[in-house]
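**Student:** Quick one: the structure is below, and I'll ask about it shortly.
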Amino acid sequence: MHNMLAQKNVAQKIIIKLPLLLLSTLVIFSSSLLAAEVTQLDESLVSVDNRTTAQRNIGIKKAFDNVVLKNSGLQSALKNPLVAAKHNNPNALMTQYGYQEKEGQLYLKVNFDNRRIVDLLRQANLPVWGKQRPLTLVWLVSDDESGQRQIISDESSSQIKKDFFRQANNRGMPFIFPLMDLDDSMRISVSDVRGMFVDTVAGASRRYQADFFIMASIANSRRGVDYTLSLYPKTRNASSSAPLVSMNSDAQNVDLAISAMMAKISEYYVDQYATVDSGSQLTTKVTFSGVNTIKQMVELEHYIGQLRAIKSSQLVQIKGDTVTYDFSLFSTQADLFRVMDLEPRLTPLSKAAEPKMTTMNNGSSEQNTAYSDNVSGYASSNRGIDNSLSMGKTMESQNVTSAPVVATIYQWKGH
């Protein structure tokens, strides 16, 4: 009972604080708080000096870049020729703009046509990252004003935390910081995080309903700042001791260090959860059980409608409390299943093996087969098509034909 109350308290505090910290990106959490639905991917809030036309045009271009970054997850997307051409004339994709003042700073809020932004990314063969995104717990050690090292807490008002959330907002990445209450303080120390004691940090992370956790440190040095980063899945086991992402480098200042960290984490998540149009006719059949009411059906339809891995969907059967859909996919079944596995309202009942996490160190990446071929109910023709995508790479060179039509079954736990 104590653990249940503690988790409820953690969830309530996080839900109250996050919308304020994430500025223009709204993050909606489910009741179990696993994964996050990131909305407002069509807008950006950028600082401007005044309301002149010149400043507005500069601000609109910055906002366009931010929205592309939110929807693609890759900094390199801004260098794509098609995207760069739209950057020079973003007004064609803009739907509205307005001004806001916060703490004496003038901001320009710009909204774009999200469907046209996504179409642009598809045309440019760039990844498209949907609303469902992993929630990451951040164990970050930095120097306070007196030079003492500390773990940044959920209650902290430090500039480094503000900078962290500002850059997270620009990428549409949901993060939470630990409460650092008595429970945390008894479980974990600065040395545990800086020393990368994974088991200790993983144990302290269990009370938080996040999908991943990172251990990071930023420390002042003669060169500016030194920083380290390691990313782990929360469901880490003995066979997954290596970090999914790791960094150990330096930067001129804190802002650049955080930017490098964000880029690295974003690249990994995009590699796992974003999709690139394969150009092939890929289809799959998925059955959802536990759909007993019209409200549940509406919720399920809404969920399916926002999955960027799906080109189109068709309801083909309703039988008892189960509904079956035919999905036309932009990419492979594996890419779809990895995104669906983030949804806490879904429990897989019959599908391929869980996706293997890939490991990325200092810019390199290795792709693993995400789903096993030797799973009951999956045809042998599935072999070779379920490899996860490399970052920003199209599937033109892959021999992809079509997915098997045997239904995968998920239980839907909507209200």
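The values are calculated or read from the model by the stated rules, or taken from the named source; none is laboratory data. Just so it is clear, the model here is predicted, and its values are computed rather than measured. Methodologically, a virtual Cβ is constructed for each residue, glycine included, from the backbone with ideal geometry; neighbour enumeration extends over all protein chains shown. Ligands, DNA and RNA are excluded from the accessible area calculation, which covers all protein heavy atoms including side chains. Shrake-Rupley method; radii C 1.70, N 1.55, O 1.52, S 1.80 Å.
**Student:** Percent relative contact order of region 61-145, based on C-alpha pairs within less than 8 angstrom and at least six residues apart?
**Tutor:** That works out to 30 percent.
**Student:** While we're looking at this one, here's another question. Can you pull the one-decimal nm distance between simple spin-label points at A219 and S328, each 7 Å off the Cα toward Cβ?
**Tutor:** Result: 5.6 nm between the two label points.
**Student:** Using modelled backbone amide H atoms (1.01 Å from N, in-plane), which distant-in-sequence or interchain residues come within less than 5 Å of N253's amide H?
**Tutor:** V225
**Student:** Using the Cα centre of region 248-306 as origin and beta-carbon charges of +1 (Lys, Arg) and -1 (Asp, Glu), tell me which of V291, S266, S278 is placed farthest towards the positive end of the dipole.
**Tutor:** Value computed over the given set: V291.
**Student:** Could you run the Karplus curve 6.51 cos²θ - 1.76 cosθ + 1.60 with θ = phi - 60° over region 256-266 and give me ³J(HN,Hα) per residue in whole Hz, x for Gly and Pro?
**Tutor:** 3J(HN,Hα) across region 256-266, in whole Hz: 5, 5, 5, 4, 5, 4, 4, 4, 5, 5, 4.
**Student:** Cα extents of region 92-240 along the three principal axes, largest first, in whole Å?
**Tutor:** 53, 44, 33
**Student:** A follow-up question, please. Could you tell me the relative contact order of region 153-219? Use alpha-carbon pairs under 8 Å, at least six residues apart, and round to a whole percent.
**Tutor:** For region 153-219, the relative contact order is 26 percent.
**Student:** Can you put F330, F177 in order of accessible area, largest first, using a 1.4 Å probe?
**Tutor:** The ranking, largest first, comes out as F330, F177.
**Student:** ³J(HN,Hα) across region 218-230 via Karplus (A = 6.51, B = -1.76, C = 1.60, θ = phi - 60°), whole Hz, x for Gly/Pro?
**Tutor:** Once rounded to whole Hz, the list reads 10, 10, 5, 8, 5, 7, x, 9, 9, 9, 10, 7, 9.
**Student:** In whole angstrom, how far apart do the alpha carbon centroids of region 199-273 and region 71-96 sit?
**Tutor:** When both Cα centres are located, 28 Å separates them.
**Student:** Report the label-to-label distance for S312 and D49 in nanometres (one decimal), using points 7 Å from each Cα along the Cα→Cβ vector.
**Tutor:** In this crude spin-label approximation the distance works out to 5.1 nm.
**Student:** Please find the FRET efficiency linking E155 to K109, where r is the Cβ-Cβ separation and R0 is fixed at 25 Å, and quote it to the nearest 0.05.
**Tutor:** 0.35
**Student:** Please calculate the 1.4 Å probe accessible area of H87, with all protein chains present, and give it to the nearest 10 Å².
**Tutor:** 50
**Student:** Which pairs in the list K70/K109; K102/K162; K295/K319; K70/K102; K295/K413; K70/K234 are over 19 Å apart, alpha-carbon to alpha-carbon?
**Tutor:** Check vs 19 Å cut-off fails for K70/K102; K70/K234.
**Student:** Given C-alpha coordinates of region 231-319, what is the ratio Rg to Rh with the Kirkwood estimate of Rh?
**Tutor:** Using Cα coordinates only, the ratio equals 1.13.
**Student:** Further question: I need the phi-derived Karplus couplings for region 198-205: 6.51 cos²θ - 1.76 cosθ + 1.60, θ = phi - 60°, integer Hz, Gly and Pro marked x.
**Tutor:** Here the 3J(HN,Hα) series is 5, 4, 5, 5, 4, x, 5, 7 Hz.
**Student:** Based on the mean of other Cβ atoms within 10 Å per residue, sort peptides 120-133, 94-107, 285-298 so the most packed one is first. List each step's numbers first, then the result.
**Tutor:** Numbers: 120-133: 21.7, 94-107: 11.1, 285-298: 16.3.
Order by mean packing, descending: 120-133, 285-298, 94-107.
**Student:** Enter the accessible area per residue of region 235-338 (Å², integer; probe 1.4 Å; all protein chains in place).
**Tutor:** Heavy-atom SASA per residue in region 235-338 reads 40 Å².
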